[in-house]
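Peer 1: Please read through the structure below; I'll follow up with questions.
The values are calculated or read from the model by the stated rules, or taken from the named source; none is laboratory data. Values in this document were obtained by computation on a predicted structure and should not be read as measured data. Heads up, the Cβs are rebuilt from the backbone with ideal geometry, glycines too, and the neighbour counts pull from every protein chain shown.
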Amino acid sequence: MQKTLKDWVDVLVQADLPVLEQTRQALRTLEKSPEVAGVQITAATLPDPMMVLKVMRMVNSGRVSGFSQPILTIEHAMMMNGLSASFMKMLSCPVLDEAAGPVTRAGLMTTAARACHAAYQARDWASMRLDMNVEEVYIAALMQELGEMALWSSAPEQMQALLKRRREVGAELAEQELFGFSLDELTLALAVAWNLPPLIASALRPADCELHPRARMVGVARRLARHAERGWHDEPVLQEVAALAEILRISPDDAAVRIHRTAVAAARHRPFAGVAPAATWLPMLPGPWPEEVEPAAVDPFGAVMAGIASHLDGTLHLNELMKLVFKGMRDCIGLKRVVFALLTQDRSQLRARFVVGAPEHAPLRQFQFDVRLPTLFGRMMGRQQAFWLNDEVRPKVEGLLDDEIRRTTAVSQFFVMTVAVHGKVIGMFYADRDDAALDADAYGKFKQLCTQASLGMAHLSR
């Protein structure tokens, strides 16, 4: 039975969308600064639609609609919520690179890039109109893709199916077929449920757009950013250019110049990894869009292994090597939480160097063990070897699983493999699927990746 709009809202309203890693890093730096200004937090937050949503929900969800003024800007939100409390909540968000698989990442990045393009356009137009609160207009445009972002985070398989169906029958019909409602209707419902600033919802209501130029302007930005993803010469784009010219009271040619200039600025100032910005298509001449060809099937795991192998000449740094290994473990094998730990100089402690997939305050992030003790991890330090803890072997090693291992891992199954460089163990990989079961195929690929990583580190150490 197909879920209704209310069913989806009930599910998605609880979701915590993952934010961009660069946003979290920028905010962490600001948190440590002895003097931080609201304008700095605003600059770090505004390019990330998911983080902006986090802030707007944080300060507006508890507000009684109609009885108190909405919080419209990031700086006002910081002031109302307090810096310490705001940083704590903002930095507790899941991070896209760690919390999401490749399908979700690609979908969210594409949607976020589109939302940012719309926001850049709306901000430029608001500035030209001498709007009293340009940031409110920017945020309203940035939040116009809420429904799609939420679905990419919670239902990536359905969104993949929607993308394919959109290409066949168009967005409106595809959304009705697969969900029974439009994604704009979902965005509107979520904006109301979260009590977000009213301009976000107004821009999605045709009646409001007829009455209010600001709402109409945000709506134009939303539609323009969507159409421009498939080129700048189609009739729908030209219609939005004409609509903007009417709002700004300028000629269509002047409106087009302004739009194109802003599209280039958006592409330069906010690149999203793996996403071609709409400005890419500006030099293209008018004509039909090329038929989309299904990409040839690739072996992602083999590509990661080959990527590591191609750098066994010492050209890869440790951080880059770990990024490849973790990509293979998470995206290709389906492992969720991964740790790479190194032995201390005196070889008495095993301490985490890199951790992905674990929440900010999870015990796994404090992965550290005394390997002099007669525990499972201590016993493994003698040579390069792998172990799969599962229900079958657990009775045989129960005595080697001390309280610290149980508390830190907090799962019934995990993989571990020590890493040796030039015959000497230097550390260990740990991986699990949280509470989900592991399998033999994953174990085999885990061991292959760890072995390849050992080879890579042997070359790094020279």
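Peer 1: Using beta carbons and a limit of 8 Å, which pairs, at least six apart or on different chains, have the first residue in segment 211-232 and assigned by TED's automatic domain parsing to the domain that holds T111 and the second one of a type in the set (K, R) and part of a helix (DSSP H, G or I)?
Peer 2: A225/R114; R226/R114; E229/R114
Peer 1: Would you point out which residue out of V416, V411, V355, V421 is farther than 21 Å from D331 by Cβ and among the aliphatic types (A, V, I, L, M)?
Peer 2: Of the residues listed, the single one that is farther than 21 Å from D331 by Cβ and among the aliphatic types (A, V, I, L, M) is V421.
Rundown of residues vs (1) of a type outside the set (S, T, N, Q); (2) part of a loop (DSSP other than H, G, I, E, B), yes/no style:
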residue	(1), (2)
D16	yes, yes
T29	no, no
Q40	no, no
A43	yes, no
R57	yes, no
Q69	no, yes
A85	yes, no
M88	yes, no
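Peer 1: Can we say T187 is among the hydroxyl-bearing types (S, T, Y) and touching a Phe, Trp or Tyr at 6+ places or on another chain (Cβ under 6 Å)?
Peer 2: No; evaluated as a whole, the condition is false for this residue.
Peer 1: Counting just the residues of segment 250-261 that are over 14 Å from R129 (Cβ atoms) and of a type in the set (V, I, T), which one comes out farthest from the chain's Cα centre (by Cα)?
Peer 2: Restricting to residues being over 14 Å from R129 (Cβ atoms) and of a type in the set (V, I, T), the top hit is V257.
Peer 1: Just to be sure I understand, how many residues within segment 233-283 are of a type in the set (V, I, T) and under 23 Å from T45 (Cα atoms)?
Peer 2: 3
Peer 1: Within segment 58-72, is even one residue free of Cβ contacts under 8 Å to residues at least 40 places away in the same chain, assigned by TED's automatic domain parsing to the domain that holds M132 and closer than 21 Å to A118 by Cα?
Peer 2: no
Peer 1: So F377 passes all but one of these: (1) surrounded by fewer than 15 Cβ atoms within 10 Å (Cβ to Cβ); (2) assigned to a helix (DSSP H, G or I); (3) in contact with a helix residue (DSSP H, G or I) (Cβ under 7 Å, 6 or more places away or on another chain). Which condition number does it fail?
Peer 2: F377 satisfies every listed condition except (1).
Peer 1: Further, regarding this structure: What number of residues within segment 357-373 are more than 11 Å from Y430 (Cβ to Cβ), not in a loop (DSSP other than H, G, I, E, B) and not acidic (D, E)?
Peer 2: Going through segment 357-373 one residue at a time, the tally reaches 4.
Peer 1: For segment 97-105, indicate whether the set of residues that are in the same structural domain as A267 (by TED's automatic domain parsing), at pLDDT 95 or above, among the polar types (S, T, N, Q) and not in a loop (DSSP other than H, G, I, E, B) is non-empty.
Peer 2: no
Peer 1: Moving on. State yes or no: is L151 outside any loop (DSSP other than H, G, I, E, B), buried (at least 19 other Cβ atoms within 10 Å of the Cβ) and in contact (Cβ under 8 Å) with a residue 40 or more places away in the chain?
Peer 2: yes
Peer 1: For the list (1) surrounded by 15 or more Cβ atoms within 10 Å (Cβ to Cβ); (2) touching a residue at least 40 places away in the same chain (Cβ under 8 Å); (3) under 32 Å from the mean Cα position of the chain (by Cα), I need the number of the one condition that I247 fails.
Peer 2: (3)
Peer 1: Let me ask something else about it. Considering only residues that are without any contact (Cβ under 8 Å) to a residue 24 or more places away in the chain and among the aliphatic types (A, V, I, L, M), look in segment 250-266 and name the one that is surrounded by the most Cβ atoms within 10 Å (Cβ to Cβ).
Peer 2: Checking each candidate, the answer is A255.
Peer 1: State the number of residues belonging to segment 347-405 that are polar (S, T, N, Q) and more than 36 Å from the chain's Cα centre (by Cα).
Peer 2: Here the count works out to 2.
Peer 1: Of all residues in segment 331-364, which are surrounded by fewer than 15 Cβ atoms within 10 Å (Cβ to Cβ) and modelled with pLDDT of 90 or more?
Peer 2: Result: T344, Q345, D346, R347, S348, R351, R353, P363.
Peer 1: If you scan segment 197-239, which residues turn out to be surrounded by fewer than 24 Cβ atoms within 10 Å (Cβ to Cβ), under 25 Å from the mean Cα position of the chain (by Cα) and over 25 Å from L130 (Cβ atoms)?
Peer 2: R226, H227, E229, R230
Peer 1: Here's something else I'd like to know. Of the numbered conditions (1) in contact with a Lys or Arg (Cβ under 7 Å, 6 or more places away or on another chain); (2) within 15 Å of V338 (Cα to Cα); (3) without any contact (Cβ under 8 Å) to a residue 60 or more places away in the chain, L400 satisfies every one except a single condition; which is it?
Peer 2: Among (1) in contact with a Lys or Arg (Cβ under 7 Å, 6 or more places away or on another chain); (2) within 15 Å of V338 (Cα to Cα); (3) without any contact (Cβ under 8 Å) to a residue 60 or more places away in the chain, the lone unmet condition for L400 is (2).
Peer 1: Name the single residue, out of those in segment 155-196 being not polar (S, T, N, Q) and not in a helix (DSSP H, G or I), that is surrounded by the most Cβ atoms within 10 Å (Cβ to Cβ).
Peer 2: Across segment 155-196, the extreme among qualifying residues is L196.
Peer 1: When segment 165-198 is examined, which residues are found to be β-branched (V, I, T) and either in contact (Cβ under 8 Å) with a residue 60 or more places away in the chain or closer than 30 Å to I71 by Cα (or both)?
Peer 2: Within segment 165-198, T187, V192 meet the criteria.
Peer 1: Mind checking which residues of segment 30-51 are without any contact (Cβ under 8 Å) to a residue 60 or more places away in the chain and of a type in the set (S, T, Y)?
Peer 2: S33, T45
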